[in-house]
Amino acid sequence: MPKDPDIAAHPHGPGHVAIIMDGNGRWAQARGRPRLFGHHAGARRVREVVEACPRLGIKYLTIFAFSTENWKRTQVEVAGLMSLFRRYIAKEMQAIAANNVRVRFIGDRVRLDKKLIALMDQLEQETGGNTGTQLTIALNYGGRDEVARATKRLAQDVADGRLRPEDVDEETLPKYLDTHVLPDPDLVIRTSGEARISNFLLWQSAYAEYEFIDTLWPDFTADELSRLCQSYGARDRRFGSVKA
């Protein structure tokens, strides 16, 4: 894919961007096509965004691929999405590795099929030593589910005597989250005009900046990501404090 030389890192841009990739179905329906057509178009868009990250100074990119609530969709759409994930991982594995991208998956894998889990494991292993963009894919992920699973692990450590109840504070729980090796997101973007976070990175995004944009995900470009990063850099982030 050609790289736009005009896209460059912003001095005060976000180091970690998280994206709720919404609007694939509506994009397809507007063209008289089935919803899965939009999901395939959205998957192709991911590569452009990932390739733009180094030029924009984005070290960490987290994308919301499939939520714990998405199982409520039709069986045809869910089956199509699972097939798409398997094909995407298999097809993109070499390109991802060649671009020095490290991939991690977050979410509960128990409900996913064994072939998909094996591909996820393989991709994580093969990119584990890469030092470029750190791409995290949220697959069968829900923020509340993640916190519940983390709390169970924390409670077990307390029960087993590995952790004292009085030592549990707001710095403790993040060590049990799926994202424990990642910094919190600086900027969270949701495409398609919806202004809600849909159970995405609830704990981690407590102090993130948000951008809710009308663009449907298959139409989202590296240029638009660049503009959002520039807008982020102009914000005054005080984290609850005030300037003297």
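Could you please find all residues in the range 199-213 being assigned to a strand (DSSP E or B) and in contact (Cβ under 8 Å) with a residue 60 or more places away in the chain?
Scanning the range 199-213 gives a single hit, E209.
With A43, A28 as the choices, which residue is surrounded by 17 or more Cβ atoms within 10 Å (Cβ to Cβ) and either in a loop (DSSP other than H, G, I, E, B) or within 14 Å of the chain's Cα centre (by Cα) (or both)?
Criteria check complete, one pass: A43.
Test R196 against the criterion of being assigned to a loop (DSSP other than H, G, I, E, B), free of Cβ contacts under 8 Å to residues at least 12 places away in the same chain and either of a type in the set (V, I, T) or within 29 Å of G25 (Cβ to Cβ) (or both), and give yes or no.
For R196, the condition - assigned to a loop (DSSP other than H, G, I, E, B), free of Cβ contacts under 8 Å to residues at least 12 places away in the same chain and either of a type in the set (V, I, T) or within 29 Å of G25 (Cβ to Cβ) (or both) - is met.
Looking only at residues in the range 94-133 that are of a type in the set (S, T, N, Q) and touching a Ser or Thr at 6+ places or on another chain (Cβ under 9 Å), which one is surrounded by the most Cβ atoms within 10 Å (Cβ to Cβ)?
Ranking the candidates gives N99 first.
Take D214 and tell me if it is over 24 Å from E124 (Cβ atoms) and either loosely packed, with under 15 Cβ neighbours inside 10 Å or aromatic (F, W, Y) (or both).
So D214 passes the test.
Quick one: in the range 171-193, which of the residues that are assigned to a helix (DSSP H, G or I) and touching a helix residue (DSSP H, G or I) at 6+ places or on another chain (Cβ under 7 Å) is modelled with the highest pLDDT?
Per the criteria, the residue is Y176.
Are any of the residues in the range 56-67 surrounded by fewer than 17 Cβ atoms within 10 Å (Cβ to Cβ) and polar (S, T, N, Q)?
no
Out of all the residues in the range 217-244, which are in contact with a Lys or Arg (Cβ under 9 Å, 6 or more places away or on another chain), surrounded by fewer than 16 Cβ atoms within 10 Å (Cβ to Cβ), at pLDDT 95 or above and not polar (S, T, N, Q)?
D219
Any idea how many residues of the range 31-40 are of a type outside the set (F, W, Y), part of a helix (DSSP H, G or I) and over 19 Å from the mean Cα position of the chain (by Cα)?
Number of matching residues: 2.
The values are calculated or read from the model by the stated rules, or taken from the named source; none is laboratory data. All of these numbers come straight from a predicted model, not from anything done at the bench. Virtual Cβ from ideal backbone geometry, glycine too; neighbours counted across all protein chains shown.
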